[in-house]
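For reference, the structure discussed in these notes is given below.
Just so it is clear, none of the values below were taken in a lab; they were calculated from the coordinates. From a predicted model like this one, the values you see are computed outputs, not experimental measurements. Here the Cβ positions follow ideal geometry from the backbone for every residue, glycine too, while neighbour counts run over all protein chains shown.
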Amino acid sequence: MKKIFLGPPGSGKGTAASRIAPKFNIPHISTGDLFRENIKNQTPIGIKAQQYMDEGKLVPDEVVIEMLKKRISQNDCENGFILDGFPRTMPQAEMLEELTDIDIAINMDVTEEVVITRNSARISCSGCGKIYNLRSTPPKEKGICDECKEKVVRRPDDEPEVIKKRLEIYKQQTSPLINFYRNKGILKDVFCDDIMQTPEETFQAVMDAIEKFLEEMKK
Ligand code: ADP
Ligand code: ZN
């Protein structure tokens, strides 16, 4: 099954997608993670992407598209995949249409207020990328990743000023995709605007939405 996750930065889509993927035995593909890995290894893609990311801007479509095409042509994507953070612009969505058929688009429905509160508490592992939240899901040992013991830090683009910019860009460039997929009849909204909602509850809400969608498809 081919799924995509839409939602503003900090809506919890990365965390939800990473938990959903193993349930369906498909890879979780986060373009943000792919970029961060490329930056860490200082690859040509990473070098191109770094400045845009640090400033909270979108990386140009052609760079993202090239990277994504390569990733989804790998063997582990044969039975599907979950895209998290792609597509983010209309040209990206159109390109994806040409490449493959998406089965379901999950829209993480959340207000700006909640997103700002969540993002300001978001930190992640500099080693494996695991996401923590200082309010709801802090690492067991302060500043140290539970999984790989590397340092847990705030991403440069999670600084409050940069978050505002990312939200603005989301509204302008990414939110039109919600209607694009709604009109195709494959959009499912998942309400996740409760600041106290745990990652487990969000995961469950997404699973319910997928199951409901599959039921409807059968009819
Ligand atoms: P979030 O979903 O919290 O915004 P991501 O990890 O998905 O964080 O993305 C981080 C950054 O990576 C984005 O702000 C952007 O600069 C870049 N990026 C990721 N995916 C895309 C994309 N599809 N198109 C353009 N830029 C992207
Ligand atoms: Zn880690």
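Points to keep in mind about this one:
- Per residue of the chain, the DSSP helices (runs of n ≥ 4 H) give a summed -39500 (n - 2.57) that works out to -14000 deg cm²/dmol at 222 nm.
- Computed lengthening from Glu113 to Cys148, 0.36 nm per intervening residue step minus Cα-Cα distance: 9.4 nm
- Spherically averaged projected area of region 19-74 from its Cα convex hull (nm²): 4.4
- Backbone amide hydrogens, once placed in the peptide plane, bring Asp189 within less than 5 Å of Asn107, excluding anything fewer than 5 places away on its chain.
- Shape category assigned to region 67-189 from the gyration tensor of Cα positions, a/c cut at 1.5: oblate
- Cα-only radius of gyration and Dmax that characterise region 157-219, units Å: 15.1, 47
- The Rg/Rh ratio of the chain, with Rg taken over Cα atoms and Rh as the Kirkwood radius over Cα pairs, comes to 0.94.
- Among Ile116, Ile102, the ranking by other beta carbons within 10 Å of each residue's beta carbon, starting with the fewest, stands as Ile116, Ile102.
- Residue-wise HN-Hα coupling along region 83-96, computed from phi with Karplus coefficients 6.51, -1.76, 1.60 (Hz; x: Gly, Pro): 9, 10, x, 9, x, 10, 9, 4, x, 5, 5, 5, 5, 5
- Counting 0.36 nm for each residue step from Asp193 to Asp208 and taking away their Cα separation leaves a gain of 3.8 nm.
- Under the simplified labelling scheme, the Ile178-Lys218 pair shows an inter-label distance of 3.0 nm, with each label point 7 Å from Cα along Cα→Cβ.
- Ranking of Ile82, Ile65 by count of other Cβ atoms within 10 Å, fewest first: Ile65, Ile82
- Per the Debye formula on identical point scatterers at the alpha carbon atoms of region 17-113, with no solvent, log10 I(q)/I(0) at q = 0.19 Å⁻¹ is -1.03.
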